[in-house]
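K.L.:
First, the structure itself, so that you have it in front of you.
Please treat every number below as a calculation from the coordinates, not as lab data. Worth saying up front: this structure is predicted, and the values here are computed from it rather than measured. For neighbour counting, all protein chains shown are included, and Cβ atoms are generated from backbone atoms with ideal geometry for every residue, glycine included.
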Amino acid sequence: MAAQPGTGSGRDFVTIFKTGSVDRSEYPELADLLLEGRTQLTAETSYLMKFGDESHRSLTPFDVASLHDVPAYPLPETALDSLPAHVRAELEQNGAIQMIASYDPENHRFEEVDLAWDDQDFLERVTELIAGELSLHEAVDWIVVEEAERYTVAQWADIRDVTEDAVRSNINAAREKLLTEPE
């Protein structure tokens, strides 16, 4: 059964996804179904959020969005604003995110937010690159921007609160070191 927002102890598994409008004349049954399931008449943002259980972690955000037994709630502007910059960037870039977070339903705020990535693979790759003579910043910038293609240089620089030139410099240094490694 789906969790209610912020009612569980600790942190929740949350999926946030972008929505669009439905033309009632083109899809009357879908429009009726959506109106029936609405808990609010208007939404502050173009996103919905679903609170799931741990078993939903293996599903993509779009699979979770299609689950009919899990209610979707409009994402308030204050909740969107409470997300860390890198999470908002991921949401903007991909249209959906999955995260583990504490949600305060009274103040509509997320806290202790972590994207539901497979962190172990990321950490193993960072360790491997550092062992290969890259600095921590070079390794992380290289992985996030070049290998995983999670963010653009501009988005990642904003998340890290550094200049785009600093990120580009780290990526270029990493590229040079990786290309000159002995075979």
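K.L.:
Nearest 0.05, what FRET efficiency do THR60 and ALA173 give at R0 = 30 Å with Cβ-Cβ as r?
P.N.:
On the way: r = 34 Å, r/R0 = 1.15.
The formula returns an efficiency of 0.30 here.
K.L.:
Would you list the P(r) distribution for the range 81-145, with all Cα-Cα distances sorted into 5 Å bins from 0 and each bin expressed as a whole %?
P.N.:
Calculated over all Cα pairs of the range 81-145, the distribution is 4, 16, 19, 19, 17, 13, 8, 4, 1, 0 percent.
K.L.:
Here is a further query. Could you tell me the calculated FRET efficiency between ILE130 and ASP53, based on Cβ-Cβ distance and R0 = 45 angstrom, to the nearest 0.05? Let's see the in-between values first.
P.N.:
Numbers: r = 36 Å, r/R0 = 0.80.
That gives a FRET efficiency of 0.80.
K.L.:
Let me ask something else about it. At 7 Å along the Cα-to-beta-carbon direction for both GLU146 and LYS18, put a label point, then send me their distance in nm to one decimal.
P.N.:
Distance between label points: 2.8 nm.
K.L.:
Moving to a separate point now. Kirkwood Rh and Cα-based Rg: tell me the resulting Rg over Rh for the range 45-178, rounded to two decimals.
P.N.:
Working: Rg = 16.9 Å, Rh = 16.5 Å.
Here Rg/Rh amounts to 1.03.
K.L.:
Just to be sure I understand the model, the point goes 7 Å from the Cα along the line to the Cβ. What's the resulting LEU115 to THR163 distance in nm?
P.N.:
2.6 nm
K.L.:
By per-residue mean of other Cβ atoms within 10 Å, what is the highest-first order of 157-165, 170-178? Walk me through the numbers on the way to the answer.
P.N.:
Details: 157-165: 14.4, 170-178: 16.8.
Highest mean packing first, the order is 170-178, 157-165.
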